[in-house]
Structure formats: structure tokens, C-alpha cells
1. Can you list, bin by bin at 5 Å, the percent of alpha carbon pairs in region 325-373, starting at 0?
2. Test of the criteria: in region 38-93, which chymotrypsin sites (Phe, Trp or Tyr not before Pro) are in a DSSP loop and have at most 15 other Cβ atoms within 10 angstrom of their Cβ?
3. Round to the nearest 10 and give me the degree value, 0 to 90, for the angle of helix 222-235's Cα axis relative to the longest principal axis of the chain.
4. From the residues Gln342, Phe368, Met382, which one has its Cα farthest along the dipole of region 316-385 in the positive direction, the dipole being from +1 and -1 charges on Cβ of Lys/Arg and Asp/Glu about the Cα centre?
5. To the nearest 10 degrees, how steeply does helix 163-172 sit against the main Cα axis of the chain, on a 0 to 90 scale?
6. Work through the residues other than Glu259 whose Cβ is under 15 Å from its Cβ and net out their charges, Lys, Arg +1 and Asp, Glu -1.
7. Residue by residue through region 299-312, what is 3J(HN,Hα) from phi via Karplus (6.51 cos²θ - 1.76 cosθ + 1.60, θ = phi - 60°)? Round to whole Hz and write x for glycine and proline.
8. What number, rounded to the nearest 500 deg cm²/dmol, is the helix-based mean residue ellipticity at 222 nm of the chain, given -39500 (n - 2.57) per DSSP H run of at least four residues and division by all its residues?
Amino acid sequence: MCAAARKGPAGISTIGIHGGYSDDQPGAPVVPPIVQSATFMGGANRTDAILYTRYGNNPLQLSVGQKVAALEGAPAGLILGSGMAAIAMTILANANSGDHIVASAHLYGATRALFEKELPKRGIKTTFVDAMDGKAWRRAIRKRTRLIYIEGPTNPTLRLIDPRPIAELAREHGIPLVMDATFATPANMRPREFGVDLVVHSATKYMGGHSDLIAGCVVGDEEAVRAIDMTARLYGPAADPHMVWLLDRGLRTLDVRMERHNRNAGALADWLEAHPRIRAVHYPGLESHPDHALAAEIMKGFGGMVSFVVKGGGKAAGRFMSKLRVAKAAPSLGGVETLVSQPRYTSHAAMTRAQRAEQGIPDGFIRFSVGVENIEDLKADMDQALRS
Ligand SMILES: *Cc1c(COP(=O)(O)O)cnc(C)c1O
């Protein structure tokens, strides 16, 4: 864990490039070096700031932790070995046996499974709330509720929850509001500006940005992040130094990549909405999206994820996917390359067809993580695949 510098540049690009590292002695490397070492000299003194990589105090872990904190406008940040590590450690640091969590029903699959299957074994119960029902949040709070957990924009229908009233409710009860903002990134939304206490990310996605690493981070106030850090030191999901170095490189271009992701996804969403083979398009930047007004208010850009439903159901979706040449069929998202998947085979495979349909994910539903390729090539690729 590391406290972010409180002064200094405020722009996302500038922080992404310069944040967290300030060695400007003659001969110092311009790029912070990987320190591929498990352990460090010292240890005679328990307060040595740099000691052991599982503790998260490898120099690069510290400086990149500072960088993500600054990107989110938070005092402290911590890099961990995966998004799920960041989520699990955040929860375990805040909830004990007998405690209760209130969570949005719209969650990443593994997060949902953590709440539903894993935490009950540890004596922690979760009440899932239909995130779009404003009053349900208050009704779900119990005496032993220790945190509220939301995600946004959500996978795969890209719904957006207004964090502000939920943050107010959390503050009233003296508990933290945690938000997974993986799909947004600090380039498009900074949840702390809306009262969120702890922001978690799968940095595997846009923050790393090149589909070549697994990483997670959490940012928040110093005390809260320190508690998560102490939990992680015991469970052990530390970030590997080489991964952190790659993540740092990804963060340098986060803002410019997001600009292109936003632009490409917006253009594709418009184009798809007018396409005769398409039944429905989900994109927060479209006026037809149920949360468009909220997204326009709290997001700087609408993101790189676009979902749509092809006419002809599952069969047509399968044919379309098999004809794509530029876009690659694969799970995950947020990389420079366009990735395409059908939630019914990936994130939502455990549900029945009827359950999926109820959540707005009928057969024929396709999720696009729109990359930063040239938009003409993406459109041409999709057009030939849709027409075949
Ligand atoms: C991928 C993802 C996660 C999990 O992150 P990993 O890095 O795979 O552990 C959590 N939340 C969201 C929204 C994700 O997309």
C-alpha cells in the first residue's frame, strides 16, 4: 500500500505517465525498473518500508499503487495478483463471520459466486438487490451489514447504477460502499467523486490494456487500504514484479486508449443500431439505453463495451461469430484487440435460457469488447459477418 502524492498533475494521461515515480537524479532510468526480487536488505527494523514482495512493498508495487490511487483521486492504492484478489481481500478485510453484505444483483460471475458460494462458508451472508430499485437498498440493510457492493457499467447489458444515493445510505450506516469500476476505468468515471469509498478494478482489462497480464487493484482512504493490505499479506495474492511493470506500461496509455475505445464503440453502436440484421443494441452512449441520461451525467466517455442481439437467435449469433476475421472470439475484455463472446457460453453459462432472457440476455446476444483497431476495418468485418 502506498499513500499518493497529494500535489502534482491532475490529468489522467499525465498521472498515467508520471504518477507514483519521481526519481530524477542524473542517470536515473526514465522508466521505473522492474525489481525482480522476492526480498530486500533490512528487516532488523519491522517498519522498513521495503522488505518483501508478498507484503506488497516491492518498489514497483508501491509506485504503481500510488499511480492507480492518483488516477482514481484516492489517498491510497494497492496492486494485487488479480481482480478477484482485490475483490476478495476487500471483502474479507471488512466482513467477519456473522456479518452481512448488501450487493447489487448485477455482478461479474466470479464475484457473484464468491458472495453466493464461498462467503457463506465463512459465515458471511449476502442480500442481492435489484440495483435499479432505489428503495430496495435501504430495505436490505441489517444490523450486521458491513459493506455495500456495486458494479458499473455492468456486464453484459451495460446498465449503470447511480452510486450517489447508495453512498449516502452507506454513510448513514457508517459502512463502506465498494464499487467495481473495471468497465469504466478512471478515464471515464472516478467513483470516489460520487461518494464511493473503495474502488476495485480487474486491472487485467483496460488498465493493463493488452490482454497479457492478470492484475487487480483497490484504492481508497489510507486506513481502509491498509486493512486490505494486511489481509492480503496473510492470504498471499501478491502482484508479481514483472506483471506490475507491464501494468505500469499499460497505464501510461490508458487515457489515449480509452479515447479510442470510446470513439470506436460509439461509432459501432450507432452503426449497429441502423443495421437491418440487428434486433437491439446496448450502449450507454445511445439515447435508447435506459441509463443514457445518468451515464451522460457521471461518465466522461461511454466506454469500449457494446452488446447487441442479432436477428435469428443463437444460430445466427454462432454463424456471425465464426465469420469474423478481425474480431477474435475469446472471453475477457479491455485489450487493444477486439474480442467477442456470447454470454450464454461464458459469464452466464450457469443460468437457464429463461433466466438469461429475464435479465435481457436472449439467445443471439453478443458482447463486443471494441478494440482500438481502425473503425473502418471493424465495421467491414462485422458487416461481412452479419451478411453471410
Ligand atoms: C474480469 C473481471 C473481474 C475479475 O478480474 P480478474 O483479473 O480476472 O481476477 C472482476 N470484475 C469485473 C467487472 C471483471 O470484468
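Values in this text are rule-based calculations from the coordinates and carry no lab data. As the structure is a prediction and not an experimental result, all values here were calculated from the model. Note that each Cβ is placed from the backbone with ideal geometry, even for glycine, and that neighbours are counted across all protein chains shown.
1. 5, 23, 27, 18, 15, 9, 3, 0
2. none
3. Helix 222-235 and the main axis of the chain meet at about 90 degrees.
4. So the residue we want is Gln342.
5. With rounding to tens, the tilt is 40 degrees.
6. Counting the neighbours of Glu259, the net charge comes to +3.
7. Each residue's phi maps through the Karplus curve to give 10, 7, x, 9, x, x, 9, 10, 10, 7, 10, 7, 5, x Hz.
8. -11000 deg cm²/dmol
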